[in-house]
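Please read the structure below before turning to the comments.
The values are calculated or read from the model by the stated rules, or taken from the named source; none is laboratory data. Every value quoted in this text rests on a predicted model; they were computed, and no experiment measured them. We place every Cβ from the backbone using ideal geometry, glycine too, and count neighbours over all the protein chains shown.
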Amino acid sequence: MLRRLLHLLEEGETRRVDDLARALDTSPALVEAMLETLSRQGYLAPVGQTCSTACEKCPLAGKCAAGMGGSTQVWVWKEGG
Amino acid sequence: MTSQAPAQARTLTIALAGQPNVGKTTVFNMLTGLNQHVGNWPGKTVEQKTGVFEYKGYTIHLVDLPGTYSLTANSEEERIARDYILREQPDAVIVMLNAASLERTLYLLAELVMLPSPLVVGLNMVDVARQNDMVVEEHVLAAALGLPVIPVVASHNQGLEALLDAAIETALHPEGGQSISRPQLKPEHQAILERAAALLRGRLPEHYPPEWAALKVLEGDSEITALVQREAPDAWETIEAWLMEHEDTYLDIAGGRYAWIERLVRAAMRQPRAGSITLTDRVDRIATHPFWGLVVLLGVFGAIFWVTYTLALPVVNWLADGVITPLASWSSRSLSFAPPWVGGLVSDGLIGGVGMVLSFIPILVTFFAVLGFLEDVGYLARAAYVMDRFMHWMGLHGRSFLPLFLGFGCNVPGVMGTRIIEDRRARLLTILLIPLVPCTARMSVITFLAPAFFGGSAPLVVWGLVAINLLILAVLGVVVNKIAFQGTRTAFIMEIPIYHMPNPRTIALFVWNKTKAFVEGAGEVILITAVVVWWLSYWPDGNIAHSLLARIGTWVAPVGHLLGWGDWRMTVALLSSFLAKENTIATLGVLYGIEAGHSLSATIAATLSRPGALAFLTVQMLFIPCAATIAAIKQEAGGKWAAASVGLLLAISLLAGAAVFWIFTWIGW
């Protein structure tokens, strides 16, 4: 299942966790858990951690569209991860 | 399951393992009470907590292991936890799971079952799981795992006695763990694992089980690999050759663990009620649809402008005409006894400049409230998703898109956000695009000025300006994608929350904090700019026509003429936006307040023709970024790129402004 998830990510689309769960016929919670594992192994990077200082100055830091500091977790696929 | 007290008191060592935030420390505190010892793990900076207490005739040594996600040597905590279990061999290990997040917390257990320690599972937060309509059937989980599973609510001290009883029973009868379910590998990797374990048998320190060590080597664990290289170099050569042929062993091992987790969850967890998920799914079928999602997004954009104009503009006009302008006149009269420059500074510089900027607070309040509402409901995440798909469709690379989207709040974090782009060339080109994203400050200025020029058509004009802005951005983005990314695509994965009722308190707090920050900002750079602009417009003799600013304005006026601005003050107002976008309003307030002494909106509306006014708004939307953004670009890309950004934006904004002016003059608008 982890391998199938990687193949889906390698396709390069932007996807929601729910879509991935549907494609893998599993629960969103399990997909989230796998994404966290892949993130710890360097396949993915959580978005938003590198610019926390800049976000402090931003009037919309808590509300920005990509969820930096908001309720949306975003990961980006790392080429060659 | 209750252990009988033995004839002779016995000491048992029990370790508590679990992922962070699983409630492990709560269990530890509840069981040990005040009998705790807190120190550091030997030679480490990680905190070690141990406790000793008597229970049913046993002396229990309870050891709280550091919270870890796995047992691979990724962090000091993980090394400590596994070293303790391997070296100290506690009589039992209690593994805490979170019933409300079973999938996440089972991964550590998937690793622990590969060790020879007797295990007991504490299923914590069953109350939270129940509140989320999730029920974990512990007897099914226990049967599927082959381990005792005890449901607990650690925070309410429920189930802890049963957990302790189970741990003691397991410690006394560890042979019960023979039927434990364990993750499986693919047959070819299983064969390698067994052969590697055979090679390592008797070659490593006694406390390292060869099967476990072989598994860790196949997984790429740096510490165990170094141990094998040191203790069994010949075995390592063979294993390394196998690994070269099977580079995907890590994925197989981790994948096997997740397949194991899925089987357990499917067996033991009753899924949440379909209702709430179905509602979100039903709404998302439209809200995130490739086409209808975009229509909804455009509608939401339109609604934001409509709500802002409908609610905020009457208040803004009342503040400007009913408060700021009379206040400026009153202060001028009141200070008639003082030297003329004092009255001019207070009424024109401070009240006319800073006061005018503060008068558009209602716009910001409404804007923040609407954004806060959309975020709290869960829509903004969908907006990002829909926009990203659209940008992909346009050919813009996902890695460029995300920083660009951040720029809507403020361009500074947008520039910083380009750090997710690994390729330097692509990153630099994306940085060049970010100032084209209309930030909140730009939008506020446009929202304030558009009604002055265009009255009831203002929402349509602003909507059109944003659309043109995004179109220019998209076209340049496509060019960047072709040059820098050669059409490659990058995956983004978004964990999107379900829709829920907004919390008025959260939104109110957000609006308050952001508005407060804006007012404080107005007290700094905008105040200074207003005073400087006023002084330049006053010196040397108090007559603006002879002032230093008039001389500067006359020098830059030819540029303004090309754009349909007959009055140099408009050009100067635009230039002052370099320090902060809001300065445009402050400068207009100072310059026109001095001369007219009445409503700023009416004065500047009379100054420009409609094509000239549209050109002014166009240039304002696309003009060079503010000083903070340029500083961020300089920091991230260097001075040359900051200069290139200023040059590019200057050219684009002036060309677009001139085009708008001449086209609309030609069609006689």
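Of note:
- Options B:ARG382, B:ARG399, B:ARG333: the member that is modelled with pLDDT of 80 or more, surrounded by 24 or more Cβ atoms within 10 Å (Cβ to Cβ) and of a type outside the set (Ser, Thr, Tyr): B:ARG382
- Here the helices (runs of 4 or more DSSP H) wholly within region B:284-341 that include at least 1 residues being within 14 Å of another protein chain (Cβ to nearest Cβ), under 30 Å from B:GLY455 (Cα atoms) and touching a residue at least 12 places away in the same chain (Cβ under 8 Å) are B:292-307.
- Of all residues in region B:603-623, those that are over 13 Å from B:ALA452 (Cβ atoms) have Cβ atoms under 6 Å from Cβ atoms of residues that are polar (S, T, N, Q) and buried (at least 21 other Cβ atoms within 10 Å of the Cβ), 6 or more apart or on another chain, in B:VAL619/B:SER653; B:LEU622/B:SER653; B:PHE623/B:SER653.
- Residues within region B:181-198 that are among the polar types (S, T, N, Q) and either in contact with a Gly (Cβ under 6 Å, 6 or more places away or on another chain) or modelled with pLDDT of 90 or more (or both), tallied: 2
- No other residue among B:LEU31, B:LEU109, B:LEU102 is in a helix (DSSP H, G or I) and away from every other protein chain (no Cβ under 14 Å) apart from B:LEU31.
- Among the residues of region B:439-450, at least one is in contact (Cβ under 8 Å) with a residue 24 or more places away in the chain and within 19 Å of B:TRP669 (Cα to Cα).
- Pick from region B:385-396, criterion more than 8 Å from chain A (Cβ to nearest Cβ) and at pLDDT below 75, ranking: surrounded by the most Cβ atoms within 10 Å (Cβ to Cβ): B:LEU396
- Of the helices (runs of 4 or more DSSP H) entirely within region B:407-461, those holding at least 3 residues that are charged (D, E, K, R) occupy B:424-433.
- Subset of region B:533-561 that is among the β-branched types (Val, Ile, Thr) and in contact with a Phe, Trp or Tyr (Cβ under 8 Å, 6 or more places away or on another chain) - its residue that is farthest from B:GLY343 (Cα to Cα): B:VAL556
- When the test is whether a residue is of a type in the set (D, E, K, R) and either surrounded by fewer than 20 Cβ atoms within 10 Å (Cβ to Cβ) or in the same structural domain as B:MET30 (by TED's automatic domain parsing) (or both), B:ASP221 does not pass it.
- When restricted to residues that are part of a helix (DSSP H, G or I) and touching a Pro at 6+ places or on another chain (Cβ under 9 Å), region B:620-641 contains 6.
- Members of region B:57-83 that are part of a loop (DSSP other than H, G, I, E, B), small (Gly, Ala, Ser) and touching a residue at least 12 places away in the same chain (Cβ under 8 Å): B:GLY57, B:GLY67, B:SER70, B:ALA73
- Looking only at region A:9-27, and only at residues there that are assigned to a helix (DSSP H, G or I) and within 8 Å of chain B (Cβ to nearest Cβ), the one that is surrounded by the fewest Cβ atoms within 10 Å (Cβ to Cβ): A:GLU10
- Output for region B:244-260, where each listed residue is in contact with a His (Cβ under 8 Å, 6 or more places away or on another chain) and outside any helix (DSSP H, G or I): B:HIS246
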